[in-house]
1. Within the range 1-28, work out how many residues are under 17 Å from Ser84 (Cβ atoms) and touching a Ser or Thr at 6+ places or on another chain (Cβ under 9 Å).
2. Would you tally the residues in the range 87-113 being assigned to a helix (DSSP H, G or I) and either in contact (Cβ under 8 Å) with a residue 60 or more places away in the chain or at positive phi (or both)?
3. Do we find a residue being surrounded by 14 or more Cβ atoms within 10 Å (Cβ to Cβ) and either charged (D, E, K, R) or touching a Pro at 6+ places or on another chain (Cβ under 9 Å) (or both) anywhere in the range 85-107?
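Quick note: the coordinates plus some simple rules give every number you see, no bench work behind them. None of these values were measured; they are calculated from a predicted model. Every residue, glycine as well, gets a Cβ built from its backbone with ideal geometry; the counts of neighbours run over all protein chains shown.
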Amino acid sequence: MPVIVKSVLLLVVANVFMTFAWYGHLDKLRDRAVWVAVLVSWGIAFFEYCFQVPANRLGYGALTLGQLKVTQEVITMVVFMGFSFFYMKKPLSLDLVYATACLALAAYFVFRGGAPATP
């Protein structure tokens, strides 16, 4: 499996954890103290980092730093839209779709020169 594919798959998993860490408490822990939500979020974020750090280490070099960052942001928006729709039961808004399209355009600009030659 190509390094870029491995990196992207790890970023997807990391972003699922990240999205739950950042937003999952808004629904399920709403009636709990803030410190409980913080501790739960930190616990979830640990697993995010277990995937994010290897994803970035793998991807850096196969991708430029800018390509790696924009890839992560596009993945974040796609994961967030799925989380918002399936978990939080929010309707998909066109604004989120447009925002994701803008990030896809950003991806176009950082990738149009191609990925760097691997060392």
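1. Applying the first criterion (under 17 Å from Ser84 (Cβ atoms)) to the range 1-28 yields 12, 15-28.
Now narrow it down to the ones that are touching a Ser or Thr at 6+ places or on another chain (Cβ under 9 Å): 15, 18-25.
Final tally of qualifying residues: 9.
2. Within the range 87-113, the first condition is being assigned to a helix (DSSP H, G or I), and the residues that meet it are 87, 94-111.
Filter once more, keeping what is either in contact (Cβ under 8 Å) with a residue 60 or more places away in the chain or at positive phi (or both): 87.
Of the residues in the range 87-113, 1 are assigned to a helix (DSSP H, G or I) and either in contact (Cβ under 8 Å) with a residue 60 or more places away in the chain or at positive phi (or both).
3. yes
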